[in-house]
Each structure stands twice: as C-alpha cells, then as structure tokens.
Amino acid sequence: DADYEAIYNETFDVNKYPETKALAQNGFRLETGEGMVFPIVDWAKLTGFFTSKVTPPMKNYMEQQLLEQKEAAYSDGGLIIGLDKVSERAIFWEKFNREHPYFVRSEQTLESQRWTKITIINGSDNTPAFDYETKAVNEDYKKVWADILQKYPGTDLAKDVKTISDLYAAEGWKRTKKVEDFITQYLDAMYQ
C-alpha cells in the first residue's frame with residue numbers, strides 16, 4: 001500500500017527494487033490506475049535523450065507525448081484539465097495526422113485524435129457533455145463547441161462539433177433519443 005501511494009504521488013524510489021530500477025534505466029516510469037501498478041514510457045527521459053537525434057515529426061510527437069504525460073487529462077473517468085486543453089490536443093493530433101499520414105506510430109496518433117474528439121463531442125464517463133438527470137447539455141460543452149467553431153474553422157473537429165451542436169440545438173439542448181442514436185452511430189463509424 002505504501003509503494004502504491006508513493007507511485008501515485010510520484011515520490012516512489014525506483015531504486016527500491018531491482019525490477020523497478022531496471023524499468024527506470026530502460027525508459028519507463030511507474031503509474032497507477034484502477035488499483036494496479038504498471039510501467040509506461042517515461043517521455044521526459046526519452047524526449048531529453050532523443051529529440052536532438054530524430055526527425056522533426058518524431059520530435060513533435062515526443063514533445064506532445066511529454067506534455068500530455070506531465071498534464072494528465074483524466075482521473076477516474078473524469079476530466080481534470082479544461083475542455084479548451086482537450087480541444088487543443090484534438091487539433092494538434094488532427095493536424096499531425098493530416099501532415100504525417102505514414103508516421104511510424106500512426107495507429108497511436110490516430111487513437112489520440114479519436115479519443116480527444118470523442119471527449120469533446122460526448123464527454124467522458126464522469127465528465128459527460130450533458131447532465132445525467134436532466135439530460136441538458138452542460139454549459140462548459142456549449143462554450144467549448146462555440147470556441148472550436150470560432151478558433152478552428154475548416155477542421156474535421158469543427159465540422160463534427162457543428163453537427164453535434166446543431167443537433168442538440170434542434171433538440172432543445174437535451175440528450176434525446178435522436179441525439180443518443182446519432183452519438184452511437186458516430187462512435188461506431190469512428191472505429192470502422
């Protein structure tokens with residue numbers, strides 16, 4: 001329990017065990033989630049070593065990964081950063097994927113683009129785009145959708161945001177059956 005808490009608080013001494021020391025020496029750090037401990041890429045270490053040695057797209061990718069690692073977006077199914085930052089990330093990944101369609105990590109970068117877009121359109125489990133009881137769209141989402149339409153015209157994100165915000169507006173800004181059906185189809189289409 002003490003190790004888990006130290007890992008969660010980022011105060012764990014990786015030299016405590018041979019296994020954790022080996023992970024740290026090979027570019028990994030420990031993370032917690034759902035009561036488990038697991039290794040993830042230590043972007044600070046890898047970026048510090050590799051960015052001067054890689055192509056500009058790989059450098060941009062690594063720097064974005066580092067930024068997202070330093071400022072996690074989610075905790076326990078809820079957003080812990082502002083929707084404006086999620087939209088910035090969605091636009092970053094959309095632009096990156098458009099400019100580098102054959103990037104070696106494109107499967108992961110496309111997933112980052114999809115996940116951030118889904119969060120903007122639909123919210124997350126504990127930060128939904130609508131109130132679970134009243135089914136009314138949350139004001140924070142209305143605001144970020146308006147901001148996206150103004151800041152990022154012509155992007156795929158703006159196109160999808162316009163579609164969902166127009167549908168919600170037509171439905172009295174409520175999560176109706178029509179909206180639910182659209183969201184289900186939208187999500188299904190993203191993974192086909």
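The values are calculated or read from the model by the stated rules, or taken from the named source; none is laboratory data. Here the structure is a predicted model, which means the values were calculated and not measured. Heads up, the Cβs are rebuilt from the backbone with ideal geometry, glycines too, and the neighbour counts pull from every protein chain shown. Ligands, DNA and RNA are stripped out before the accessible areas are found, and what is left, the full protein with its side chains, is counted by its heavy atoms. Shrake-Rupley method; radii C 1.70, N 1.55, O 1.52, S 1.80 Å.
Scanning segment 120-157 for residues that are hydroxyl-bearing (Ser, Thr, Tyr) and modelled with pLDDT under 95 turns up 124, 127, 132.
Close Cβ contacts (under 6 Å, 6 or more residues apart or on different chains) running from residues in segment 168-192 that are within 10 Å of residue 137 (Cα to Cα) and in contact (Cβ under 8 Å) with a residue 40 or more places away in the chain to residues that are open to solvent by 60 Å² or more (accessible area, probe 1.4 Å) and part of a loop (DSSP other than H, G, I, E, B) comprise 174/135; 175/135. For segment 44-80, the tally of residues that are crowded, with 17+ Cβ neighbours inside 10 Å, modelled with pLDDT under 90 and under 16 Å from the mean Cα position of the chain (by Cα) stands at 3. Scanning segment 84-106 for residues that are touching a residue at least 60 places away in the same chain (Cβ under 8 Å) and either open to solvent by less than 20 Å² (accessible area, probe 1.4 Å) or touching a Ser or Thr at 6+ places or on another chain (Cβ under 7 Å) (or both) turns up 87, 90, 91, 94.
Identify the residue in segment 26-35 that is loosely packed, with under 14 Cβ neighbours inside 10 Å and closer than 17 Å to residue 72 by Cα and, among all such residues, is nearest to the chain's Cα centre (by Cα). Looking at the filtered set, the residue picked out is 33.
Say we look at segment 83-123 and pick out the residues that are outside any helix (DSSP H, G or I) and of a type outside the set (Phe, Trp, Tyr); which of these is farthest from residue 147 (Cα to Cα)? Filtering first and then ranking leaves 104.
Among the residues of segment 111-140, those that are in contact with a Gly (Cβ under 7 Å, 6 or more places away or on another chain) and under 18 Å from residue 173 (Cβ atoms) comprise 127, 129. Within segment 124-142, being in contact (Cβ under 8 Å) with a residue 12 or more places away in the chain, within 22 Å of residue 80 (Cβ to Cβ) and not in a strand (DSSP E or B) holds for 125, 126, 129, 138, 140, 141, 142. Looking across segment 1-56, the residues that are among the hydroxyl-bearing types (Ser, Thr, Tyr), closer than 29 Å to residue 104 by Cβ and assigned to a helix (DSSP H, G or I) come down to 20, 47, 51, 52. Among the residues of segment 17-31, those that are in contact with a strand residue (DSSP E or B) (Cβ under 8 Å, 6 or more places away or on another chain) and touching a residue at least 12 places away in the same chain (Cβ under 8 Å) comprise 23, 27, 28, 29, 30, 31.
Is it true that residue 164 is surrounded by 13 or more Cβ atoms within 10 Å (Cβ to Cβ), of a type outside the set (Lys, Arg), part of a helix (DSSP H, G or I) and in contact (Cβ under 8 Å) with a residue 60 or more places away in the chain? No.
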